[in-house]
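Note sheet for the following structure.
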Amino acid sequence: MTEPSIFTRILSGDIPGEIVVDTGTVFAIRDINPQAPLHMLVIPKTEQYRDVTELAAGDPALLAEIVAVAKQIADEHANGEYRLIFNTGPSVAQSVFHVHAHVLGNLEENKLVGF
């Protein structure tokens, strides 16, 4: 059996984290190493899917909910404008293999650090 992901540990309260949205099936937290003025992660509560490809094949409705929450966050914090990023694989910076979306906004001159 594998250890719970850092996201599951945040959700359970084992690791501190500010949960800014909780829909019952997904939650959002602020990224601890933000790459933009707005940088939040939208995460399904299930660890069943390692990346967005698995999620899209296994539960498209859950993927749609992640996108809807990303839009809600952008509406509230970035005038509705945002970049949505899913990293898939270690060579493109996926370090936690519990699918999650990066919501970035309020970008100055459309520049991103680290992406």
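No value in this document is a laboratory result; all are computed from the given coordinates. Computed from a prediction, not measured in an experiment: that's the story for all the values here. Ideal geometry is used to build each Cβ from the backbone, glycine not excepted, and the neighbour counts take in all protein chains shown.
Report the residue count in region 34-52 for those that are exposed (fewer than 14 other Cβ atoms within 10 Å of the Cβ) and touching a residue at least 24 places away in the same chain (Cβ under 8 Å).
Residues that pass the stated criteria total 1.
Would you check which residues across region 14-32 are touching a residue at least 12 places away in the same chain (Cβ under 8 Å) and in contact with a strand residue (DSSP E or B) (Cβ under 9 Å, 6 or more places away or on another chain) and list them?
G17, E18, V20, V21, T25, V26, F27, A28, I29, R30, D31
Within region 10-17, is even one residue among the charged types (D, E, K, R), loosely packed, with under 13 Cβ neighbours inside 10 Å and touching a Lys or Arg at 6+ places or on another chain (Cβ under 7 Å)?
no
When region 52-104 is examined, which residues are found to be in a loop (DSSP other than H, G, I, E, B) and of a type in the set (D, E)? Explain how you work it out, then say what you get.
Restricting attention to region 52-104, the residues satisfying the condition of being in a loop (DSSP other than H, G, I, E, B) are 59, 78-82, 86-89, 93-100.
Scanning region 52-104 gives D59, E81.
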